[in-house]
1. Among the numbered criteria (1) assigned to a helix (DSSP H, G or I); (2) buried (at least 17 other Cβ atoms within 10 Å of the Cβ), which single criterion is violated by A:Y136?
2. Output the residue which, of all residues in region A:14-70 that are among the aliphatic types (A, V, I, L, M) and part of a loop (DSSP other than H, G, I, E, B), is surrounded by the most Cβ atoms within 10 Å (Cβ to Cβ).
3. May I ask you to list pairs of residues, at least six apart or on different chains, whose Cβ atoms are under 7 Å apart, with the first in region A:215-231 being at negative phi and the second being modelled with pLDDT of 95 or more and among the basic types (K, R)?
4. Give region A:44-70 a look and list any residue that's within 15 Å of RNA strand B (Cβ to nearest atom) and closer than 26 Å to A:V301 by Cα, or say none.
5. Got a sec? Which helices (runs of 4 or more DSSP H) wholly within region A:289-377 have at least 1 residues that are within 8 Å of RNA strand B (Cβ to nearest atom)?
6. Let me spell it out: the conditions are (1) surrounded by 13 or more Cβ atoms within 10 Å (Cβ to Cβ); (2) farther than 25 Å from A:R363 by Cα, and A:E411 meets all of them except one. Which number is the exception?
7. If A:A246 satisfies every condition in (1) in a helix (DSSP H, G or I); (2) buried (at least 19 other Cβ atoms within 10 Å of the Cβ); (3) more than 10 Å from RNA strand B (Cβ to nearest atom) but one, which is the exception?
8. Out of (1) under 48 Å from the mean Cα position of the chain (by Cα); (2) surrounded by 13 or more Cβ atoms within 10 Å (Cβ to Cβ); (3) more than 21 Å from A:P390 (Cα to Cα), the odd one out for A:D437 is which?
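The values are calculated or read from the model by the stated rules, or taken from the named source; none is laboratory data. Fair warning: this is a prediction, and the values are worked out from it, not measured in the lab. For neighbour counting, all protein chains shown are included, and Cβ atoms are generated from backbone atoms with ideal geometry for every residue, glycine included.
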Amino acid sequence: MSFRVSCPSAITFRVMPHRLRFAPSPTGYLHVGGARTALFNWLFVKKYGGQFLLRVEDTDRARSTDDSTRAIFEGLEWLGLDWDEDVVYQGANLARHRADVAQLVEAGKAYRCFCTQAELDEQRKAAEARGEAFRYDGRCAHLPADEVTRRVAAGEPFVVRFRVREGETSWTDLVHGPITFPNKDIGEGDFIILRTDGTPIYNLAVVSDDIAMGITVVMRGDDHISNTPKQILLYEALGKPLPQFAHLPMIHGMDGKKLSKRHGATAVGDYQHMGILPQAMLNFLALLGWSPGNDIEVMTVPQMIELFSADDLSKKAAIFDTKKLEWMNGQHLALMAAAELAPLVIRGIVAAGLATEADLKAREPWLLALIELLKIRARTTDEIVRQAIPYLRDPIDYDPDAVAKQWKDREASRDILQATRAALAAAALWEAQPLEDALRGLAESRSMGAGKLFQPLRVALTGSAASPGIFDVLVMLGRDRSLERIDGAVRYITQHA
RNA sequence: GGCGGUAUCGUCUAGGGGACUAGGACGGGGCCCUCUCAAGGCCCAAACACGGGUUCGAAUCCCGUUACCGCUACCA
C-alpha cells in the first residue's frame, strides 16, 4: 500500500516511489492550467518521492503538432518542472492499445459494433426529439459469433464497444473524497474504445498507458471526473489494480468562465515574455488551489516542496488574477540578488538594442548597482529594462507631463538648473553624500525646499518625474553624463521657451 | 435535458461544532515615511448563496433550493 488513510478526509502519504504523470495533448501552447496540473504532480513527487513522467497524448493526429509539443517542453523547462525517464508518446503505443482491446473482446468484455455513424446520429436526434438522453441501445451487443465473423470477413466497418456492467462505480478522490456514478449514467451506455480505423479512443489509450507506465496516482483536471468511472471499469476489465485519482479544480478567467484566449495571455510563454520569473509563476499557480496555511504566501520552490501537502488541495475552481501574479513577481524580484537577475536583465537590454552584452559585462559592478536600485521599483524584468533606459542611452526622451509640471516656469527652471550644475560641478567627490551636501546647501542658500530643486533636476537627468533617489541617479550617471544632461536640459528649455 | 462537481470579502484563501466581533493576501481608499516613484509600516471599506433541520451552540454536520462549472463525440 502506498498510502494510509487515518480518517476519511486526511490522507497521509508515506515517502514512496509513487509514479505520477503529466499528460498534455500537443494541440496548443502550455496553458497556465496545464502548468498548474504539472506543478502539483511534480510537487507531489518531490514531496512524497517517486517519479514524475511526461506523456504526450498525440493520438488526435489532426490537431497535434510538433510545434506544440516543443512549446510544452519549453514551458516545462522554463518553469523548472523536470521530468524523469523518456517522454512517452501515446501515438507510439498503438499496438499495445489494440492488443488491450483485443484482450477485452476475447474476454467478452467488449464487442464489435457495426452500427454506422449515420444510424447513431439518427437515433441521437430521435432521442433528443423525445426529450430523452440518448443511450446506445446495445443492438450489436449480442450478435451471434458466426454473424460477427461473417461481417468482419466481408470487410464491414466496425467499432469496438466496451460492455458497461450493471451497478455503480465509485472511488475516493484525493481532492473530492468519495464519488459515485451509477453505471447507467456513464456516458451513452456501452462506450466506444476502438474506432473504425482501428485507433483507440482516449479513455482506452489513457488506461492502457497508465497501466504500462505503472502510474500510481492520476492527478489531472477535474474536467476528467466524468471520464473516471469509464476508466475504472476498464482497469477492472483488464484485471489491473486501480491507481489513486486526484482531480484538481479548473482555472477560470476574471469573468468566471473557463480560461481561454479571450482572457488575454493564457500560455506560460506569454508570461515568460512579459518578464515574469518562473519561480513567481510557480508560486502564484501553487496558491491557486492550494494553501499551506499559516498565512504563508511568498515561497521559494524548495519551501513549496517542504510545505506541500496533498490533502490541502482545494476543490474550488480558481480565477486567474494577473494583478496578484504581478505582485507576486515583484516579491520574488525583491528577494533575488542583483547578480541573479543580471542575466535576465542583460538579455532584455540587449534585445531592446540599448547596449551590447560585451559592454554590459565590462561594467558589471555598475549594472548590478543599477539593478539593485530598480528591482524594488519594478514588477517584471521587462520593467527593469524599461526603467534602465535613461542610464544607457543618449539622448533621453522628456516625458511631456513631467516637463509641463516641473519646468513650468522656464526662466526660473533654467536658473535653478544652472545653479544646480555649478553646485554639483564644485563637489569635491562624485559620491552620494558630498552631492547631497552640495544640493541641500544650495537649497538652503536659496531658502527653497529641497524638493523644488530635486524635481526639475530629476527631469533633466532622466526625462521623468519618477526615478530612484536623486543622488543615486547622479552616481549611476557619473559626473560627465550628469553635467551634460543638465546642459542639455538648459538648451531644451531655451529652445522651447 | 441527464449525470457529476463546487459554493467564505471583487479575487486567492484561513477555518475540522464553542477560541468568529470570521483571520491573512491581492486589488481599492486613507495616513505615515519621503527629493519623486516604488518598497515598507499603520488604518478603512469589503464575505460565510438561500431555506430548512441536527445541536445547549453551526461558516463548520445533514437535507433541499438556487447559481456557477464540467461531462454528455468514432476530441483529448
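1. Here A:Y136 clears every test but (1).
2. Here the answer is A:L30.
3. Listed pairs, sorted by first residue: A:I215/A:R19; A:I215/A:R21; A:T216/A:R19.
4. The answer is A:L54, A:R55, A:V56, A:T69.
5. A:322-335
6. All conditions pass for A:E411, except number (1).
7. (1)
8. A:D437 satisfies every listed condition except (1).
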